[in-house]
Amino acid sequence: MSKVLVSDPIDQAGIDILSQVATVDVKTGLKPAELIEIIGEYDALMIRSGTRVTQEIIEAGTQLKIIGRAGVGVDNVDVPAATRKGIVVVNSPEGNTIAAAEHALAMMLSLSRHIPDANASVKKGEWDRKTFVGAEVYKKTLGVVGLGKIGSHVANVAKAMGMKLLAYDPFISTERAEQLGCQLVDLDLLFQQADYITLHIPKTPETTNLINAKTLGKMKPTARIINCARGGIIDEAALAAAIREGKIAGAALDVFDSEPLGESELRSLGKDIILTPHLGASTTEAQVNVAIDVAEQIRDVLLGLPARSAVNIPGLGPDVLEELKPYMQLSETLGNLVGQLAGGRVETLTVRLQGELATNKSQPLVVAALKGLLYQALRERVNYVNATIEAKERGIRVIETRDASARDYAGSIHLEATGSLGTHSVTGALLGDKEIHLTDVDGFPINVPPSKYMLFTLHRDMPGIIGKLGSLLGSFNVNIASMQVGRKIVRGDAVMALSIDDPLPDGILDEITKVPGIRDAYTVTL
Ligand SMILES: NC(=O)C1=CN([C@@H]2O[C@H](COP(=O)(O)OP(=O)(O)OC[C@H]3O[C@@H](n4cnc5c(N)ncnc54)[C@H](O)[C@@H]3O)[C@@H](O)[C@H]2O)C=CC1
Ligand SMILES: O=C(O)CCC(=O)C(=O)O
């Protein structure tokens, strides 16, 4: 049974899902050295923002197949190091969207009305109504930096509160911004005009210290900044100075350059600053959502299935993935089969998507074909993450083609592998209840479901040949489960596909090719 380590607190709903397929150890608060010491035992690691998964930890995770981040940001995971080792990194892109958006909105209102300090004052026994006079958000301008999932929800609610909305996000369209009631503007204009600025962007080289002494200098003295995105987007020293000097009115921060927040001037700015300990996702609902979302993906990957929100493989929406999953399995099976037929080193793999599949996203199907192709060489070390890199490193040239006119089956995949021992091709489709069928081998039409052990022969279509092969296999105690011949013309060349119950004993292939009329024989394990 697989083993999963959960190294940050996650909801029991996630543990229950993981327990369906794995032994789950929950060990929170581990020091890096302690994690390095034990990570080698585990197939999967599930974290929140508390665990920093460094290259060292990834190197020590010799069995690791997947790292699951129960949340959005994966900046606490060395994703390139994981990718190099073929480890899938998954997150929960939407599970805590509402929680984070509501936290940002709560921060904005709390900051405007000094709620935290007023509350603390009353709890101390005071009744001070003068100090805590606030400002309304109604008819004020909110500048949303990053109009993704969280930024969009914030914009929607802020619009309902009567705020005027400006947005800056270089990666979204004017139409999308307009749908959300936002005017898309450049950053300078947003800084100059906004009464409130809320950040909903990832931390990247471009966004690091986006809010600095210079940009703070462009803002209104009444401006307030909310950061529930990532620490490091704001230069904290510059922000503290700007508030202290009255260059802006205040800030509400949930995230910090270094967490937990240590000694910091930010703590001494009174009612003009609100600080929360990275609570954006800390709602019961969000924690259930992210735990289930990520645990399901870990379960799927441990069962050999693709993950729906992997950050280091081609991104696919859950709907698309659901539709594509059976075809990915088809493509992988065909890749494995054609790799074994080709035998030696494959130099070129041609992937042709046919019929209805011709209009589909090809990248996941190509990756799946490569995963299958490389399986014999790399076994469990090849996966959806590293298949492309591994193929590239082996110098395998990949050609993608499409043929929408191929109409034998609704959608089919044709793979052709050319290598040191020649060229072989296979085609497959999903029939009936999405069952994989091989529909062509080396240009000969067949219709067989693949089985674990198979034998393929290339022979002359002539009387007696099937009987001779059957007797030969019988003499080696090999039981044939099914057999089919594919031929183009009577008494011409033909292919025989046999499903057998056990692997072929050593030496039998040579005997098979000695049968008059049989030119070649290939044994395959799928
Ligand atoms: N405080 C907390 O507990 C939580 C924080 N977060 C953080 O919130 C942030 C936003 O998350 P989502 O909305 O889910 O992400 P998202 O990916 O849906 O949206 C991010 C948006 O930022 C935009 N963007 C990227 N680079 C930009 C740039 N240089 N300038 C302006 N816009 C840029 C993107 O186009 C995208 O629209 C992330 O940093 C995430 O880690 C998310 C959940 C909880
Ligand atoms: O796990 C958490 O509480 C932090 C959430 C977060 O920051 C994120 O999802 O990006």
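Screening region 164-211 for residues that are crowded, with 16+ Cβ neighbours inside 10 Å and of a type in the set (K, R) and picking the one that is modelled with the lowest pLDDT gives K203.
From the list R267, R230, which one is more than 15 Å from K203 (Cα to Cα), of a type in the set (D, E, K, R) and modelled with pLDDT of 95 or more?
Working: R230 fails: more than 15 Å from K203 (Cα to Cα).
Going through R267, R230 in turn, just one is more than 15 Å from K203 (Cα to Cα), of a type in the set (D, E, K, R) and modelled with pLDDT of 95 or more: R267.
Against the conditions (1) among the β-branched types (V, I, T); (2) at pLDDT 90 or above; (3) open to solvent by 50 Å² or more (accessible area, probe 1.4 Å), T350 satisfies every one except (3).
Considering each of E265, E245, E296 in turn, give the residue that is open to solvent by 40 Å² or more (accessible area, probe 1.4 Å), within 30 Å of V367 (Cα to Cα) and among the acidic types (D, E). Spell out the reasoning first.
Numbers: E265 fails: within 30 Å of V367 (Cα to Cα); E245 fails: within 30 Å of V367 (Cα to Cα).
So the residue among E265, E245, E296 that is open to solvent by 40 Å² or more (accessible area, probe 1.4 Å), within 30 Å of V367 (Cα to Cα) and among the acidic types (D, E) is E296.
Sort out for me the helices (runs of 4 or more DSSP H) sitting completely within region 168-265 that have 1 or more residues that are away from ligand 1 (no atom under 12 Å from the Cβ) and more than 33 Å from the chain's Cα centre (by Cα). Break it down stepwise before answering.
Numbers: elements: 174-179, 187-193, 213-216, 236-244.
In region 168-265, the matching helices (runs of 4 or more DSSP H) lie at 187-193, 213-216, 236-244.
If you go through region 357-388 and keep only what is over 16 Å from A417 (Cα atoms) and of a type in the set (D, E, K, R), you end up with K361, R379, E380, R381.
When region 105-135 is examined, which residues are found to be in a loop (DSSP other than H, G, I, E, B) and small (G, A, S)? Step through it out loud before you land on a result.
Our first condition is that a residue be in a loop (DSSP other than H, G, I, E, B); within region 105-135, this holds for 114, 124-135.
If the condition is that a residue be in a loop (DSSP other than H, G, I, E, B) and small (G, A, S), then G125, G134, A135 are the ones that fit.
Here Q340 clears all of (1) closer than 16 Å to L415 by Cα; (2) of a type in the set (S, T, N, Q); (3) in contact with a helix residue (DSSP H, G or I) (Cβ under 8 Å, 6 or more places away or on another chain); (4) modelled with pLDDT under 85 except the condition numbered (4).
Which of the following residues is polar (S, T, N, Q), away from ligand 2 (no atom under 13 Å from the Cβ), in contact (Cβ under 8 Å) with a residue 12 or more places away in the chain and open to solvent by 20 Å² or more (accessible area, probe 1.4 Å): T283, T222? Walk me through it before giving the result.
On the way: T283 fails: away from ligand 2 (no atom under 13 Å from the Cβ).
The conditions single out T222.
Taking region 122-155 on its own, how many of its residues are surrounded by fewer than 21 Cβ atoms within 10 Å (Cβ to Cβ) and within 19 Å of A252 (Cα to Cα)? Residues flagged as surrounded by fewer than 21 Cβ atoms within 10 Å (Cβ to Cβ) and within 19 Å of A252 (Cα to Cα) within region 122-155 amount to 10. Of all residues in region 268-280, exactly one satisfies the criterion of being open to solvent by less than 20 Å² (accessible area, probe 1.4 Å) and either within 11 Å of ligand 2 (Cβ to nearest atom) or under 24 Å from the mean Cα position of the chain (by Cα) (or both), namely G280.
Let's see how each residue does on (1) assigned to a loop (DSSP other than H, G, I, E, B); (2) within 14 Å of ligand 2 (Cβ to nearest atom):
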{"site": "G29", "(1), (2)": "yes, no"}
{"site": "L35", "(1), (2)": "no, no"}
{"site": "S49", "(1), (2)": "yes, yes"}
{"site": "I57", "(1), (2)": "no, no"}
{"site": "Q63", "(1), (2)": "yes, no"}
{"site": "D75", "(1), (2)": "yes, yes"}
{"site": "V89", "(1), (2)": "no, yes"}
{"site": "E94", "(1), (2)": "yes, yes"}
{"site": "H103", "(1), (2)": "no, yes"}
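Can you pull out the residues in region 30-66 that are more than 19 Å from Q297 (Cα to Cα) and at pLDDT below 95? Within region 30-66, G50 is the sole residue that qualifies.
The values are calculated or read from the model by the stated rules, or taken from the named source; none is laboratory data. On a predicted model such as this, the values are computed, not experimentally measured, just so you know. Virtual Cβ from ideal backbone geometry, glycine too; neighbours counted across all protein chains shown. Note: accessible area is taken over every heavy atom of the protein model, side chains too, but ligands, DNA and RNA are not part of it. Shrake-Rupley method; radii C 1.70, N 1.55, O 1.52, S 1.80 Å.
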